[in-house]
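Asker: Quick one: structure below, then a few questions.
Please treat every number below as a calculation from the coordinates, not as lab data. Every value quoted in this text rests on a predicted model; they were computed, and no experiment measured them. Counting neighbours? That spans all protein chains shown, and the Cβs are built from the backbone with ideal geometry, glycine included.
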Amino acid sequence: MNRHLRNAVVAATAITAGLLMTACQNGSDADSAGKSGRGASAVADKASDSKGSKGSKGSKGTQGTEGTQDSRNSKGVSGSFTDGKVTYLAPGKYIVSVPGKGDQQFLVADDTEVYGAGTICGEAGAEADAPCTLDQLEAAAKKDAVSADVKMKNGIATLVTERRDKGVNGTWFGNVSYLAPGKYTVSDMKGVEQQFFIAEDTEIRGYDDICDAVNTGAGGEGGTECTEAELEAAAKKSFSAEVVISNGIATSIRDDH
């Protein structure tokens, strides 16, 4: 019986020792796993720092882009170009040619002011220049060079003002023909033609050719005051008249009676 008891104690002692060894081994494995986890975390942190460093280099690349934008916005030509000829190059881009200065390219912007005197827009002979749109400037410059003064700042036009033509002066006797709304021509006996414009204050007198004559004095010498529409209708058929012109604008038109 004592022998069985000793055997039981030995067996229990062996089992207890085995359990203790297993527990120690498990603890060692846990510690190793913990250390491994901390090492992995450290590696991840270093990788993150490395990416952050590369990101900083990327930001320098962005500064390089800003430098490119600054070079694109470099200052262009500034100044006034008077008595020039403006021609179309491309959408928003033109050339002004000034005698003695050569050709200068320029751009237009949304705030570029444009004023016309009959070619870009408006009426020829009007007392004040008419404000025009950029589309009207483009359309006129595409057809032909426009006489204009251009003010620029950094290569962009701030103001484009059409120059008024210094028209002819004198009196012409000949056939009056229609060219375009407000624009006519009078040709003399030799067939030499002179273009002219009419204005709101142009005096139009008819003696049955432009409009029906109405006696306003002895023998009806005063003629009849006619409308611009009647003048246009008659000029489309052509009629003989005396035309007095000042600076390219007719001051009076009297049909030949």
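Asker: Report, in listed order, any pair from K153/K183; K101/K183; K85/K236; K142/K237; K101/K142; K143/K183 with a Cα-Cα distance greater than 28 Å. Don't skip to the end; give the middle numbers.
Answerer: Numbers: K153/K183 36 Å; K101/K183 33 Å; K85/K236 32 Å; K142/K237 31 Å; K101/K142 22 Å; K143/K183 17 Å.
Beyond 28 Å: K153/K183; K101/K183; K85/K236; K142/K237.
Asker: Given the peptides 235-244, 187-196, arrange them by the average over their residues of other C-beta atoms within 10 Å, most packed first. Mind dumping the intermediate values first?
Answerer: Details: 235-244: 17.0, 187-196: 13.3.
For the peptides 235-244, 187-196, the packing ranking is 235-244, 187-196.
Asker: If R₀ is 25 angstrom, what is the calculated FRET efficiency for the pair S177 and A126, using the beta carbon separation as r and rounding to 0.05? If you can, show how the numbers build up before the last one.
Answerer: Numbers: r = 23 Å, r/R0 = 0.93.
Here the calculated transfer efficiency is 0.60.
Asker: Within a Cβ distance under 13 Å of A130, other residues only, what is the Lys/Arg minus Asp/Glu net charge?
Answerer: Values: positive: R164; negative: E113, E123, E127, D129, E162.
Counting the neighbours of A130, the net charge comes to -4.
Asker: Still on this structure, I have one more. What distance in nm lies between label points placed 7 Å from Cα along the C-beta direction at K153 and K101?
Answerer: With each label point 7 Å from Cα toward Cβ, the separation is 1.7 nm.
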